[in-house]
Amino acid sequence: MNDKNFMALALEEALRAYHENEVPIGAVLTDEDGILIARDHNRIEQLNDATAHAEFLTLQAASRKLKRRRLTDCTLYSTVEPCAMCAGALVLCRVKRLVYGTTDSKFGAAESIFNVVDNAALNHQLEVTAGVMEEECRALMQKFFSERRLKLSG
């Protein structure tokens, strides 16, 4: 499988979040052989936990499954550019590579506002590939927030 295939799986997770009235972000983590290790989606409202982001939950599940905290041979796929919390977690877990769909101009920490994942001041940097299935990822976010604004104004 290639980046587009794994991003499609992350989009499936984002759709689950959308149907659960969560901000539609999904993530999957694979090992260097392209084996799917973990997947999840935002569950902030469901768990009443501001840290229940798709990336964070996926990293936690992968660490439990692999019984290790360092994920040095892994790639994380996220439909949206990770926030500072999730980008920091990617660095702390020593994830090898980040692939994401669309940028996040309000919270992004891989290029938009900060660059946590490739910061030379830190002891680990990730390889980054941006823009995989960008239109699909962006469209789902726009649809969610457009519908939310309509509900609030109606």
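Mind telling me which of 57, 36, 76 comes out most flexible in a GNM of the chain, alpha-carbon contacts under 10 Å? Between 57, 36, 76, it is 36 that shows the largest mean-square fluctuation. Excluding same-chain pairs closer than 8 in sequence, count the lysine pairs in the range 17-154 whose Cα atoms lie under 21 Å apart. Total qualifying Lys-Lys pairs in the range 17-154 comes to 4. Shape descriptor for the chain: Rg over Rh equals 0.96 (Cα atoms; Rh from the Kirkwood inverse mean 1/r).
Across q = 0.15 Å⁻¹, the range 5-90 modelled as identical point scatterers on its alpha-carbon atoms has Debye log10 I(q)/I(0) values of -0.47, in the order of the q list. Calculated translational diffusion coefficient of the range 1-42 (10 °C, 1.306 mPa s; Stokes-Einstein with Kirkwood radius over alpha-carbon pairs) equals 155 µm²/s.
With respect to the chain, whose longest principal axis is taken over its alpha-carbon atoms, helix 134-153 is tilted by about 40°. Computed as a quarter of the hull surface, the mean projected area of the alpha carbon convex hull for the range 66-106 stands at 2.9 nm².
Kirkwood analysis of the Cα pair distances in the range 62-141 returns a hydrodynamic radius of 12.7 Å.
Ignoring any ligand, DNA or RNA, what whole percent of the accessible area of the chain comes from carbon and sulfur when the probe is 1.4 angstrom? Roughly 51 percent of what the probe reaches on the chain is carbon or sulfur. Computed about its Cα centre, the charge dipole of the chain is approximately 440 debye, with only Lys, Arg, Asp and Glu carrying charge at their Cβ. Each Cα pair under 8 Å and six or more residues apart adds its sequence gap; the mean of these over the residue count of the chain is a relative contact order of 20 percent. Take every DSSP beta bridge whose two residues both sit in the chain; close to 50 percent of them are antiparallel. I want to verify a result. In a Gaussian network model of the chain, Cα cutoff 10 Å, which of these has the top mean-square fluctuation: 120, 87, 27? Comparing 120, 87, 27 in the GNM, the peak value goes to 120.
Applying a DSSP loop filter and a limit of 13 other Cβ atoms within 10 Å to the trypsin sites (Lys or Arg not before Pro) in the range 72-154 leaves 106.
Based on the Kirkwood approach, the hydrodynamic radius assigned to the range 114-154 is 13.1 Å, with every pair of different Cα atoms included.
The values are calculated or read from the model by the stated rules, or taken from the named source; none is laboratory data. Owing to the predicted nature of the structure, the values given are computational and were not obtained by experimental measurement. No Cβ is skipped: glycine too gets one built from the backbone with ideal geometry, and neighbour counts run over all protein chains shown. Calculation scope for accessible area: heavy atoms of the full protein, side chains included, ligands and nucleic acids excluded. Shrake-Rupley method; radii C 1.70, N 1.55, O 1.52, S 1.80 Å.
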